[in-house]
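Bear in mind that the values in this text are calculations on the coordinates, not laboratory data. This is a predicted model, so every value here is computed, not measured. Note: ideal-geometry Cβ built from the backbone for every residue, glycine included; neighbour counts use all protein chains shown.
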Amino acid sequence: MGQAVEARGLVKRFGETTAVDGVDLTVASGGVHGLLGPNGAGKTTLLRILLGLVRQDAGTLRLFGRDDRLANQQYRLAGFVESPRFYPYLSAERNLALLADFDGGDAPHRIGEVLARVGLTERRRRKVGGYSFGMRQRLGIAAALLRAPDLLVLDEPGNGLDPAGIRDMRQLVRSLAADGLPVLLSSHHMAEVEELCDTVTIMRTGRVVYAGSLAELRSRAPDPAHQLATNDDESAAALAAGQPGVEVAGHPDGGLAVRARPEQLDAYVLALGRRGIAVRALRLESTPLESLFLTLTEEQSDEETEGAER
Ligand SMILES: Nc1ncnc2c1ncn2[C@@H]1O[C@H](COP(=O)(O)OP(=O)(O)OP(=O)(O)O)[C@@H](O)[C@H]1O
């Protein structure tokens, strides 16, 4: 299968800030690709470049194997950055009709279909001003689908949604991808990317620190981190020294920070009990992938960053 996106050496500067600093991005034309990074990593700017909303200062961009400008003219990519905007005093149907008239082609005939696709058929005649944030996000996806894109681009689609909204959004993304529409989405939650994506590009301060499959990322991940409180942390720390696969240090918030895989953690907890050391609290702080994400994206020297790059 060809690539949906092949970006090489993309650079975008805003005055003194280099928001995107030599980014390579490859997105396959199938599945869900996550663009992950903390706030300010440059994700939105990169998506804006892809959608043709801003022009890069340097670098090349090929969409579906073709020059970017030509591909954009054909609307092969559609989506939204930040929140989608609609006329609040018009219904969802009317908002989409305006967009469809603008886009032309067969878009006007597809309004009912795309509203059904995002689960808004019953509310299609209601004013968008009364919509919940989640419904507006879904209408944004409907607007993108009107263009029958070959790649759907979503900027932090889970942001600002309540748990039910997040669940609906994830289901929608999964079902669109299952129906053959590849999706590129940005997120700053490893858990979201882990649940939805097949491949991922991780960014930090405008640069790529990892690009590849989630499976490979998982194989590089450290053991999960926990916070442990006992009735005798000093003895608990001393006991850890003899436990295979258990790493213990002082936790900045009190108690102990413990890194271990589940089986090794079990053995350690049982050993604590045998020694008469009571466990008062044991809390999973970050999954292996979350730990790796933090390691990759936290402040570190350039030399270390180079080491993490592929
Ligand atoms: N139009 C702009 N003018 C000036 N600076 C900008 C502009 N757009 C982005 N930046 C800066 O570029 C950097 C990257 O921002 P960007 O919004 O792309 O990051 P992000 O990863 O999407 O973060 P967030 O999750 O906070 O949206 C930030 O330092 C931001 O302040």
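As a calculated quantity, the FRET efficiency between His109 and Asp24 at R0 = 51 Å, using C-beta atoms, amounts to about 0.85.
Here the chain is treated with +1 on each Lys and Arg Cβ and -1 on each Asp and Glu Cβ, and its dipole about the Cα centre works out to around 1420 debye. Here's the picture: a label point sits 7 Å out from the Cα of Ser213 along the beta-carbon direction, and within region 176-198 the residues with their amide nitrogen under 13 Å of it are 198. With only Cα atoms counted, region 225-286 has Rg and Dmax values of 10.0, 28 Å. Antiparallel beta bridges, as assigned by DSSP with both residues in region 3-219, represent about 60 percent of the total such bridges.
Rounded to 0.05, the FRET efficiency of the Asp162 and Arg280 pair, given R0 = 41 Å and the Cβ-Cβ distance, is 0.80.
Each of Phe102 and Ala257 was given a label point 7 Å from its Cα along the Cα-to-Cβ line. The distance between the two points is 4.8 nm. Histogrammed with a bin width of 10 Å, the alpha carbon distances of region 1-124 distribute as 11, 35, 31, 21, 2 percent, first bin at zero. Equivalent ellipsoid of region 163-206: semi-axes from √(5λ) of the C-alpha gyration tensor, largest first, are 19, 14, 8 Å.
Per the Debye formula on identical point scatterers at the alpha carbon atoms of region 72-139, with no solvent, log10 I(q)/I(0) at q = 0.14 Å⁻¹ is -0.41.
Looking at region 186-310, what % of the alpha carbon pairs are farther apart than 25 Å? So the pairs more than 25 Å apart make up 36 percent of the total in region 186-310. When you count the other C-beta atoms within 10 angstrom of each residue and take the mean per peptide, 270-283, 223-236 line up highest first as 223-236, 270-283. Taken over the chain, the convex hull of the Cα atoms encloses 166 Å³ per residue.
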